[in-house]
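First comes the structure, then the notes that go with it.
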Amino acid sequence: MVAGTEVIHQSIPVLDVQYGCITKGIDEIVDISAATAVALAVVSPSSSPECRLVAPGPDAVAVDVAASELDSRASDAIPNVSVEPLQFVPSIRSGSFADTGPRRYMEDEHIRIDDLSAHLGSLLRCPTPGAFYGVFDGHGGPDAAAYIKRHAIRFIFEDADFPQASEPDEVFLDSVENSIRKAFLLADLALADDCTISSSSGTTALTALVFGRLLLVANAGDCRAVLCRKGQAMEMSQDHRPIYAAERQRVKESGGYIDDGYLNGVLSVTRALGDWDMKMPRGSPSPLISEPEIRQATLTEDDEFLIIGCDGIWDVMSSEHAVSIVRRGLRRHDDPERCARELVMEALRLNTFDNLTVIVVCLSPEDRSSPPSPRSQDLRQQPPRLRCCKSLSAEALCNLRSWLDNDGGGN
């Protein structure tokens, strides 16, 4: 038998047995799992001095339990063994893919940092694991998006007084949000001040930060972040387009207008960095703003991956469709880089008309979305196997050993 337990009438030293529980009054041999046997073995020795561990061999552990102890635990020893579950901590790995698509040139940029502490060194003390991702979808030329990619780390982690902490408490979270809002504003103003950037060039911006179990997404524009939780798509951002009722109302209140789905008849988004030809004079109210919307989520073991993509993806597929493609890909090859490419290929197949950029961030060391095989599922559902037979008396065992030592064992 495999990792079994022998419950016999008395201890027989001539046999090497695994997980042997010796008591009286029970003449059965019971097969239980190794985990169950160990659970029986670790019952507090201080409360049962007659329970002891011995090692008859390298692969066997014998547990002798007095009759009075086993009788009192026979029905409830296993249920009473409680192991406090470890708090979930994401194990982060990611992949990305970008393609010009049907456009003549590329205006998208992105940042992918799986280990923020290693990347920033002594510049930042933050909860671990720490990661940072960003997608910047330019318009009016590539200059604004390229500029934000080059300086995003400085804007967020240096210029915006990013907080230092080892644990993500409430004070830390509030400070992070304030720093990100400040960073978006600083980046917007920097585009206005840089004479090499055209005033008609702008970019949407979506950033995602992971600190321990905290996921924080900041978005200004129509890039999108989608979290897969137990196979379901959870949108971690809102597309800032004129069709969004809250944005349409804000635009009207700020003196702007919507013409054929475009802000002031020009721009398809209502939030962006840059585009200073629509924001001048500086400091005056504008229907186009750079302030991000920020959403938080506490990650759990149900969270599988995060998709971050520019609008070229979401113009032709839903969040649910994208999640299904990535889940299917992870079941096949467990490679987030290939999943990102498969999303881009699907968008091209669906005739997207824009540049394409996608980041796929896995939150576990290996794919857990694939269903278990029928055999492994059956094994998990089976209760511990029980086999019962009568025990042999000491005299019978001695006779058996004598028979094996003599001619009977040679045939």
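The values are calculated or read from the model by the stated rules, or taken from the named source; none is laboratory data. If you're wondering where the values come from, they're calculated on a predicted model, not measured in any experiment. Here the Cβ is made from the backbone with ideal geometry for all residues, glycine too, and neighbour counts use every protein chain on show.
General observations
- Every listed requirement among (1) buried (at least 23 other Cβ atoms within 10 Å of the Cβ); (2) under 23 Å from E107 (Cα atoms) is met by T196 save one, (1).
- The set of residues in the range 267-302 that are of a type in the set (A, V, I, L, M, F, W, C), out of contact with any Leu (no Cβ under 9 Å at 6 or more places or on another chain) and either modelled with pLDDT of 95 or more or surrounded by 21 or more Cβ atoms within 10 Å (Cβ to Cβ) (or both) contains only I289.
- Cβ pairs under 8 Å, 6+ apart, first in the range 293-309 and assigned by TED's automatic domain parsing to the domain that holds D334 and more than 20 Å from R181 (Cα to Cα), second assigned to a strand (DSSP E or B) and of a type in the set (S, T, N, Q): G309/T357
- Output for the range 227-250, where each listed residue is touching an Asp or Glu at 6+ places or on another chain (Cβ under 7 Å) and part of a strand (DSSP E or B): L227, C228, R229, A233
- Residues that are surrounded by fewer than 20 Cβ atoms within 10 Å (Cβ to Cβ) and outside any loop (DSSP other than H, G, I, E, B), drawn from the range 96-127: D99, I111, R112, I113, S117, A118, H119, L120, G121, S122, L123
- Selection from the range 128-150 of residues that are touching a Leu at 6+ places or on another chain (Cβ under 9 Å) and surrounded by fewer than 19 Cβ atoms within 10 Å (Cβ to Cβ): T128, P129
- One residue from L186, L123 being at pLDDT below 90 and assigned by TED's automatic domain parsing to the domain that holds L273: L123
- Taken together, G134, G138 contain a single residue that is of a type in the set (G, A, S), in contact with an Asp or Glu (Cβ under 9 Å, 6 or more places away or on another chain), under 18 Å from K182 (Cβ atoms) and touching a residue at least 12 places away in the same chain (Cβ under 8 Å), which is G134.
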